[in-house]
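Q: One structure, as structure tokens, below. Some questions next.
Derivation of every value follows stated rules applied to the coordinates shown; laboratory data play no part. The model shown is predicted, which means the values in this text are computed figures rather than measured ones. All Cβ positions, even for glycine, are placed from backbone atoms using ideal geometry, and neighbour counts span all protein chains on display.
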Amino acid sequence: MPACVTFEDLTLGYNSHPAVHHLNGVVQKGSLTAVVGANGSGKSTLMKGIVGILKPMSGRCAISADITVAYLPQQSELDRTFPARVIDLVSLGLWPRRGLLGRHRKEDRAAVAEALSAVGLEGFETRAIDTLSGGQLQRALFARVLVQNANLILLDEPFNAIDAKTVADLVELIKRWHGEDRTVLVVVHDLDLVREHFPHALLLARGPVAWGNARKTLSSENLLRARQFHEAWDEDAPWCGSRDVYRHDHAGHRQGVA
Amino acid sequence: MSLYDWFIAPFTEFVFMQRALLGATLLSISACPVGVFLMLRRMSLTGDAMAHALLPGAAVGFLLYGLEIVPMTLGGLFAGIIVALCAGAVSRMTIQKEDASMAAFYLISLAFGVLIVSLRGSNVDLMHVLFGSVLALNDEALGLIGGISFATLAALTLFWRALVAECLDPLFLRSVSRLGPPVHFVFLGLVVLNLVGGFQALGTLLSVGLMMVPAAAARFWTIRVLPMCLLAVGFGIASCVSGLLMSYHASLPSGPAIILSAGAIYIVSIFTGPRGLFATRLQSKSHRTA
């Protein structure tokens, strides 16, 4: 299968501290991959790196030329008190089509209505977003992704604080995108959900612990290695590539850190 | 005294009242929507800080040319833009949030401005700079306010979608467009521009009042941004008419009278708006089934 996203020795991070460290690999076109790992293991940072919000500290992240990207940030990034209706939020997904100034046409309004219907929010068009439940808001955000009609879809923790019925509905939507040959990367914490529904998984602990078939990736041995990952950054850590790093890395390997 | 004498005659009989009404209306049309976005971005007090930041530039203009509108305005504009850029750059390039960097820069700016005014002027001059004089708007001032209103409305129309997206979901905007950071600076530019426009009429301290108080009042009445902006403009114009009439009939200073009128609308809105206290806290005990 051709590559959709290629990581070449990619390091992403903040203030000289890596959150994703020397990642190599390829996300294939049409694949459905769960990105798993502990808090601080670099999952959300990787999403921001792919979408271009965060520039690499070193290496590169290359997206194939014909790829359009839809990104769903974590809900906490959204200002729920903002005075907007559901239809306003979903219509933001028209940006790639209409940009800053393009008028929303009849077919755009139809696409928004269809997306709302697909996520079960018919009749919610004029509801203020601050009156929605967490699950309803997440459905609205999925509708926005639908409207974007992209062929690479990045979802950052879309199932957080969502009830089982909504999770099941949203998983079906993700599977539909996968069936339509779109490439989908989803940050997930529920490992059972990954084993049941995702063909591929990337287990991160700043660097990749394992990547490939979801069940093999989430083996107890790999999960044990990932669990030994240390979340806190070290202000006194040696600079990557220096002689000290050699000793540091070896110490890390003795602890099982990838 | 007839209703005509109370409400109409002051504006038909006196040119200075007509000028004041025109200037204040133009200011309301452009400053109030900017205030709505400031409030929605949780930057309400940034407007206040920016208003202080204009002072040293205006003061340098005053020091060199006296109470002349063009040098004072250009000076204020320059100082405001410098402070906005510095505060924005510090917050984006360091760990410090914009409220702290803005506070630091505006306080430095304010102290510097008061120092400069005191080098040459009297307390009366300082009062003029701080509180303005809407009843003494000349052609130059009206032309400037008109130009600022036009530029603001044009920029808001052009960047409307990006401004809304940046307030609602900034990461989403950054994922679909590179407009996020430029829009932020364009917006800060609009804030400075409107404060400069308001500065001649209401002074550096009260010009932010016309920007923020009608916007804060409009928040209690609607759940959509465009109606909120239109309502804020309406409240702003009503405050200006009411303030000017109070000023005329009761010999009150016009700037504070305008802002107090806006304050009255705000207090009424707190209680009676559909999103205000009565509607949200004192609803009837009956409830719907779903």
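Q: Points 7 angstrom from Cα along the Cβ direction at A:Glu196 and B:Ser2: gap in nanometres?
A: Label at A:Glu196, label at B:Ser2, 8.0 nm between them.
Q: For chain A, take the longest principal axis of its alpha carbons; what is the angle in degrees between that and the long axis of helix A:243-255, to the nearest 10 within 0 to 90?
A: Orientation of helix A:243-255: about 80 degrees from the principal axis.
Q: Further, regarding this structure: What Kirkwood hydrodynamic radius do you get for chain B when you take the inverse of the mean 1/r over all pairs of distinct Cα atoms, in Å?
A: Result for chain B stands at 19.7 Å.
Q: Can I ask one more? Once you place label points 7 Å from the Cα toward the Cβ at A:Arg127 and A:Asn160, how far apart are they in nm?
A: 2.1
Q: Would you work out the relative contact order for region A:74-145, in percent, from Cα pairs under 8 angstrom that are 6 or more residues apart?
A: Result for region A:74-145 is 50 percent.
Q: Quick one: which residues, 5 or more positions from A:Cys4 or on another chain, have an amide H under 5 Å from its amide H? H modelled 1.01 Å from N in the peptide plane, none for Pro or chain starts.
A: Answer set, sorted by chain and number: A:Val27, A:Gln28, A:Lys29.
Q: Sticking with this one: By Kyte-Doolittle mean hydropathy of at least -0.5 and Cα axial length of at least 18 Å, which whole DSSP H helices of chain B are selected?
A: Helices passing the filter in chain B: B:15-40, B:69-93, B:98-120, B:139-168, B:180-218, B:225-250, B:254-272.
Q: Rounded to the nearest Å, what's the spacing between the alpha carbon centres of region B:85-114 and region B:25-50? Just the number, please.
A: Between the Cα centres of region B:85-114 and region B:25-50 lies a distance of 18 Å.
Q: Mind sorting B:Trp221, A:Trp95 by how few other Cβ atoms lie within 10 Å of their own Cβ, fewest first?
A: The fewest-first ordering by Cβ neighbours comes to B:Trp221, A:Trp95.
Q: For B:Asn138 and B:Arg120 in one chain, what is 0.36 nm times their gap in residues minus the Cα-Cα distance, to one decimal in nm?
A: 4.1 nm
Q: Now a separate question. What translational D, rounded to a whole number of µm²/s, comes out for region B:92-196 from Stokes-Einstein when the hydrodynamic radius is the Kirkwood one over Cα pairs, at 25 °C and 0.890 mPa s?
A: Calculated translational D: 145 µm²/s.
Q: Given C-alpha coordinates of the protein assembly as shown, what is the ratio Rg to Rh with the Kirkwood estimate of Rh?
A: Rg divided by Rh gives 1.06.
Q: Could you give me the radius of gyration and the Dmax of region B:141-290, taking only the C-alpha atoms into account and expressing both in angstrom?
A: In order Rg, Dmax, the Cα atoms of region B:141-290 give 18.2, 58 Å.
Q: Considering only Cα-Cα distances, which of the following residue pairs are longer than 30 Å: A:Lys29/A:Lys55; A:Lys43/B:Lys97; A:Lys29/B:Lys97; A:Lys48/A:Lys106; A:Lys43/A:Lys106; A:Lys106/A:Lys165?
A: A:Lys29/B:Lys97; A:Lys48/A:Lys106; A:Lys43/A:Lys106; A:Lys106/A:Lys165
Q: Relative to the first principal axis of the alpha-carbon coordinates of chain A, what is the inclination of helix A:106-118, with its axis defined by its Cα atoms, in degrees from 0 to 90 and to the nearest 10?
A: Taking the Cα atoms of chain A, the angle to A:106-118 is about 70 degrees.
Q: Defining a contact as two alpha carbons under 8 Å apart and six or more residues distant in sequence, what relative contact order in percent does chain A show?
A: Contact order relative to length: 25 percent.
Q: Output the relative contact order of chain B, whole-number percent, from Cα pairs under 8 angstrom with separation of 6+ residues.
A: Worked out over chain B, it gives 25 percent.
Q: Counting other beta carbons within 10 Å of each Cβ, put B:Ser44, A:Ser117 in order, fewest first.
A: A:Ser117, B:Ser44
Q: How would region B:38-128 be classified by its alpha-carbon gyration tensor: rounded, prolate or oblate, with rounded meaning a/c under 1.5 and the a/b versus b/c comparison settling the rest?
A: Because a/c hits 1.5 or more and a/b exceeds b/c, region B:38-128 counts as prolate.
Q: Here's a follow-up. Roughly what % of Cα-Cα distances in region B:1-70 sit above 16 Å, to the whole percent?
A: Roughly 69 percent, rounded to a whole number.
Q: Further, regarding this structure: Using alpha carbons only, what's the Rg to Rh ratio of chain A with Rh from Kirkwood?
A: We get a ratio of 1.00 for chain A.
Q: Another one. Where Rh is the Kirkwood radius over the Cα pairs of region A:115-157, the temperature 4 °C and the viscosity 1.567 mPa s, what D in µm²/s does Stokes-Einstein return?
A: Taking Rh from Cα pairs, D becomes 118 µm²/s.
Q: For a quick check, take a GNM of chain B with Cα springs below 10 Å and name the residue from B:Ile265, B:Ile95, B:Ile81 with the largest mean-square fluctuation.
A: Sorting by GNM fluctuation, first place goes to B:Ile95.
Q: Neighbour counts of other C-beta atoms within 10 Å: give me B:Val83, B:Val241 arranged from fewest to most.
A: Starting with the residue having the fewest Cβ neighbours, the order is B:Val241, B:Val83.
Q: Just to confirm my numbers, what's the Cα centroid distance between region B:245-261 and region A:24-64 in Å?
A: Distance between centres, Cα-based: 60 Å.
Q: Take region A:115-237, compute every pairwise Cα distance, and split them into 5 Å bins from 0; I just need the percent in each bin.
A: P(r) for region A:115-237, in whole percents per bin: 2, 9, 18, 19, 16, 13, 10, 6, 4, 1, 0, 0.
Q: FRET efficiency for B:Leu260 and A:His189, Cβ-Cβ distance as r, R0 = 60 Å, nearest 0.05?
A: Once rounded, the FRET efficiency stands at 0.65.
Q: A follow-up question, please. Where q = 0.12, 0.16, 0.22 Å⁻¹, what log10 of I(q)/I(0) comes from the Debye formula for region A:39-112, counting one point per Cα?
A: -0.50, -0.82, -1.14
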